[in-house]
Each structure stands twice: as structure tokens, then as C-alpha cells.
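Heads up: the structure comes next, in C-alpha cells.
The values are calculated or read from the model by the stated rules, or taken from the named source; none is laboratory data. Keep in mind that this is a model prediction, so the values were computed, not measured. Neighbour counts run over all protein chains shown; Cβ positions are idealised from the backbone, glycine included. Side chains are part of the model used for accessible areas, which takes the heavy atoms of the whole protein and leaves out ligands, DNA and RNA. Shrake-Rupley method; radii C 1.70, N 1.55, O 1.52, S 1.80 Å.
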Amino acid sequence: MFIFLFFFGHLRFRWTQYNRLTNAMLAYFCRPLVKGVGDTFGTCFGPLSRNRSFGYRLGKGESVDDILSSMTEVAEGVDTSKALVKFITEKTRGYRLDLKYPIIFGVANILEGNLTPREGLEGLMNMPLRNESYQ
């Protein structure tokens with residue numbers, strides 16, 4: 001059940017996060033790629049996805065270090081999430097960026113050991129609903 005709720009929570013915010021990342025990329029003169037949506041669904045549901053396997057094992061209670069040391073392939077989302085938090089923190093003006101990018105900051109906090117996967121999910125699911133503006 002936890003895994004189902006994790007994926008439900010993940011998909012609930014996924015499109016919003018994609019739009020926010022697209023806007024952030026446009027702000028820094030990058031061109032967003034539409035194919036990223038297909039990659040996202042492959043990562044979420046693909047049985048061969050390294051990132052999905054990593055997240056599944058993390059959700060089952062294994063530690064980040066144990067998972068990384070036993071993997072023979074790279075789960076690029078681990079380093080990417082940390083790099084995104086660094087990029088957003090350095091380049092984006094404003095405060096409470098964790099509210100604007102809850103999945104990115106939540107995943108990074110889980111990977112750094114500041115939150116458990118359950119706490120991260122509960123934090124996402126308890127966020128207040130609000131209207132989004134898609135430009």
C-alpha cells in the first residue's frame with residue numbers, strides 16, 4: 001500500500017513539477033524537451049528503470065549507502081536531485097523554494113537522510129491545494 005501511495009503522490013505532483021522545471025529552464029535560456037514526459041513515465045513504471053529500482057528499495061527501508069554499494073548500474077536521479085537543489089538554490093530568487101519545488105527538495109532531503117520516505121510522502125500529501133498558473 002505504501003508503494004501505491006508513493007506513486008500516487010509522485011504522479012499527483014509530477015506534471016506541476018515538470019511545468020515548474022520548464023519555467024526555470026526557460027528563465028536561464030535553456031530549451032525544454034517534450035520527450036522528458038515519456039522519460040518520466042518510463043522512470044515511474046518501467047520495470048528496468050534504475051531510478052525506480054532505487055526508489056523501490058529505499059521505500060522498503062534500505063539505506064541509500066547500501067543500495068548504491070550493491071547496484072551495478074548508476075541511478076542517475078540520486079546525483080541529479082542533489083544538483084537540481086543546488087542549482088535552484090543558487091539561481092532562483094525567492095524564499096521557501098521547498099514549497100515551490102516540493103518533490104525535488106523532498107527527494108533530496110530523503111537522500112540526505114533528513115526525512116524518511118514515509119515522511120516525505122506525508123509532507124507531499126499534506127500540502128495545501130492551490131491553483132497553479134501554467135504559462
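For this structure, a couple of remarks:
- Here the Karplus relation 6.51 cos²θ - 1.76 cosθ + 1.60, evaluated at θ = phi - 60°, turns the backbone of the range 68-78 into coupling constants of 5, 6, 8, 7, 9, 10, 8, 9, 5, x, 5 Hz, with x for every Gly and Pro.
- Carbon and sulfur %, accessible surface of the range 95-135 computed with the full protein complex present, 1.4 Å: 52 percent
- Among the GluC sites (Glu not before Pro) within the range 89-135, those in coil by DSSP and having at most 11 neighbouring Cβ atoms inside 10 Å are E132.
- Note on the range 59-135: Cα-Cα pairs beyond 14 Å make up 68% of the total pair count.
- In nm, spacing of pseudo-spin labels at E76 and E119 (7 Å Cα→C-beta vector): 3.0 nm
- Think of each Lys and Arg Cβ as +1 and each Asp and Glu Cβ as -1; about the Cα centre, that makes the dipole of the range 40-135 roughly 340 debye.
- Once the 1.4 Å probe is applied to the protein heavy atoms, the range 84-126 comes out at 64 Å² accessible per residue.
- Each peptide in 49-58, 93-102, 65-74 receives the mean, over its residues, of other Cβ atoms within 10 Å, and ordering these scores from highest gives 49-58, 93-102, 65-74.
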